[in-house]
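The values are calculated or read from the model by the stated rules, or taken from the named source; none is laboratory data. If you're wondering where the values come from, they're calculated on a predicted model, not measured in any experiment. Because the Cβ atoms are built from the backbone with ideal geometry, glycine has one as well, and the counts that use them run over all protein chains shown. For accessibility, only protein heavy atoms count, side chains too; no ligands or nucleic acids. Shrake-Rupley method; radii C 1.70, N 1.55, O 1.52, S 1.80 Å.
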Amino acid sequence: MTGSDEGMRFWTGAGALIAAAVLSAILIVLLLPLLRRHAMAQPNARSSHREPTPQGGGIAVVAATIVVTVGCAGMLGEMSSAAAIEVFTVLAASAFIAVVGGIDDLRPMPVAPRLLLQMLAIGIALAAMPTDLRIAPFTPWWA
């Protein structure tokens with residue numbers, strides 16, 4: 001990869017990050033009235049807040065990330081079917097974690113099933129990712 005290719009990848013990634021952040025902020029503002037009506041967290045002994053606080057803003061973050069990722073993949077042109085499957089699998093696992101979190105926000109789940117579902121989604125995402133994109137590529141995905 002040449003220096004100009006690396007620079008282009010950096011600015012494409014930075015642009016995608018900024019686009020996802022802006023879209024996420026817009027979605028949070030739009031969702032806030034709905035979250036205030038239906039997803040208020042009441043303070044308890046473990047809370048970091050003292051008054052009821054809307055929860056569920058992660059929906060906006062995950063939705064923005066998915067939209068920007070799919071948009072970037074479309075702008076980059078043809079993608080191999082293997083790469084498309086990897087991207088789709090990681091996005092589906094991310095959406096699954098978001099759904100589990102959303103359900104837990106509305107109706108608290110016991111820790112063990114929630115942890116198992118999150119571990120399942122993370123395992124699927126790691127198994128789908130190319131080895132060179134993992135944080136520790138020398139470690140087997142199941143570890």
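Structural remarks
- When restricted to residues that are open to solvent by 60 Å² or more (accessible area, probe 1.4 Å) and among the polar types (S, T, N, Q), region 85-94 contains 0.
- From A73, A82, A64, A20, residue being free of Cβ contacts under 8 Å to residues at least 40 places away in the same chain, in a helix (DSSP H, G or I), surrounded by 14 or more Cβ atoms within 10 Å (Cβ to Cβ) and small (G, A, S): A73
- Residue that is modelled with the lowest pLDDT [pool: residues in region 1-17 that are surrounded by 11 or more Cβ atoms within 10 Å (Cβ to Cβ) and not charged (D, E, K, R)]: M8
- Members of region 1-42 found to be out of contact with any Ser or Thr (no Cβ under 8 Å at 6 or more places or on another chain), closer than 28 Å to P108 by Cα and not aliphatic (A, V, I, L, M), listed by number: P33, R36, R37, H38, Q42
- Residues in region 30-61 that are touching a residue at least 60 places away in the same chain (Cβ under 8 Å) and either hydrophobic (A, V, I, L, M, F, W, C) or surrounded by 15 or more Cβ atoms within 10 Å (Cβ to Cβ) (or both): A39, A41.
- Those residues of region 96-129 which are open to solvent by 80 Å² or more (accessible area, probe 1.4 Å) and farther than 27 Å from S81 by Cα, in sequence order: I103, L106, R107, P108, P110, V111, L115, L116
- Note on region 23-60: residues that are touching a helix residue (DSSP H, G or I) at 6+ places or on another chain (Cβ under 6 Å) and not in a helix (DSSP H, G or I) amount to 5.
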